[in-house]
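The values are calculated or read from the model by the stated rules, or taken from the named source; none is laboratory data. Quick caveat: nothing in here was measured; it's all calculated off a predicted structure. FYI the Cβ positions are ideal-geometry reconstructions off the backbone, even for glycines, and counts take in every protein chain you see.
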Amino acid sequence: MKTLKVLVSTACFVGMAVSTHAEESAALSIDGQEFTIQTAAPAHAENLDEVTSGWIYRAKETQALQLDDFDNPGFVFVDQAIDLWNEVDGGEGKACASCHDDVEQFAGLRTTLPRVEGGKVVTMEDLVNTCRTDHMGAEPWKYSGGQMTAMTALIGLQSRGMPMNVAIDGEAAEFWEEGKELYYTRVGQLDMACSNCHEDNYDTMIRADHLSQGQTNGFPTYRLKNAKLNSTHARFKGCMKNIRAEPYKVGGEEFKSLELYIASRGQGLSVETPSVRN
Ligand code: HEC
Ligand code: HEC
């Protein structure tokens, strides 16, 4: 039933078609680009029947903003990142463009992150900062700062429409387990876990907010509320603060494991970077 409601409410957009391919998968077609916004849950997300993009739960006006690259305010930051891409910085006298001719070479990368390498969870932010410190001799950017979220939006955009597909086996398994544990652990004065809202109560109203599954396929996301891009970890932090918990460190191990686990709950959803949320 949930599905039907969504399909009807979005069908009014001009130039946009919504279709159900397989029984369990819904796609949006915008200017010939396909987005999977809803799909059957992967086997490891045992408490969910379907996975749904956060886009589905937003107001029509917000949904429309995301779908139009000219109106989507996230693109102001994508443009800033194009400038940063070409800007020389650091002791080596290099710009990103000195070594990577075109940012389009990163198509697909966003769908596989975070990934586990050398006994650590590696995020997009880590990859960018490694290049800055090791290849450019430049200062690392602040993990959730404006330059970093702009750059992760530009790189993430190259994978827009592609299905999330993070590895959770092999070396990744222990970090994935850790993330899962965090997801289900109650914390804070309100004594709640991520799952209490995003698994047990999604598609209900919490004050003025329509609760989603707390997926990460749209990050970094443009928040209308504070008129800037919001990183995955900044959102995690915000949710922990809302339940009066002491948030884990942005860019720290806990949030990276949590990011891996949550990405795996959204396997198959299209990358929507940069998405728009309230
Ligand atoms: C001096 C050359 C050089 C510069 C400048 C450079 N990079 Fe890199 N980058 C590399 C190399 C080489 C790799 C491959 C991994 C490694 O050895 O670190 C890489 C890897 C990456 C990756 C990961 C790709 C993957 O598939 O895993 C990203 C993302 C990236 N760079 C982004 C950037 C950005 C953004 C900038 C500018 C802020 C930048 N790089 C500047 C050389 C460079
Ligand atoms: C008290 C309920 C509540 C709890 C508990 C909670 N959140 Fe949220 N979360 C929200 C609300 C409300 C929003 C904004 C509406 C939405 O997208 O669901 C949100 C949004 C999100 C989003 C953005 C989704 C999108 O599509 O943009 C992510 C990611 C997220 N939460 C992750 C988490 C994580 C991780 C935890 C546990 C550390 C957590 N949340 C705990 C209420 C909660």
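No other residue among Ser264, Ser195, Ser257 is in contact with a strand residue (DSSP E or B) (Cβ under 7 Å, 6 or more places away or on another chain), hydroxyl-bearing (Ser, Thr, Tyr) and modelled with pLDDT of 95 or more apart from Ser257.
Of the residues making up the range 120-159, those that are charged (D, E, K, R) and either buried (at least 21 other Cβ atoms within 10 Å of the Cβ) or touching a Pro at 6+ places or on another chain (Cβ under 9 Å) (or both) are Glu125, Asp126, Arg132. Among the conditions (1) closer than 23 Å to Asn72 by Cα; (2) near ligand 2 (Cβ under 7 Å from one of its atoms), the only one that Ala208 does not satisfy is (2). Would you check if Tyr183 is within 14 Å of Arg265 (Cβ to Cβ), surrounded by 15 or more Cβ atoms within 10 Å (Cβ to Cβ) and not hydrophobic (A, V, I, L, M, F, W, C)? Taking the combined requirement at face value, the residue satisfies it.
Specify the residue that is nearest to ligand 1 (Cβ to nearest atom); the eligible residues are those in the range 233-267 that are among the small types (Gly, Ala, Ser) and closer than 23 Å to His44 by Cα.
Top of the filtered list is Ala263.
Just so you know, in the range 80-98 the residues that are within 14 Å of Ile155 (Cβ to Cβ) and not small (Gly, Ala, Ser) include one that is nearest to ligand 2 (Cβ to nearest atom), and it is Gln80.
For the range 46-71: of the residues being within 14 Å of ligand 2 (Cβ to nearest atom) and in a loop (DSSP other than H, G, I, E, B), which is surrounded by the fewest Cβ atoms within 10 Å (Cβ to Cβ)?
Within the range 46-71, the match that is surrounded by the fewest Cβ atoms within 10 Å (Cβ to Cβ) is Ala59.
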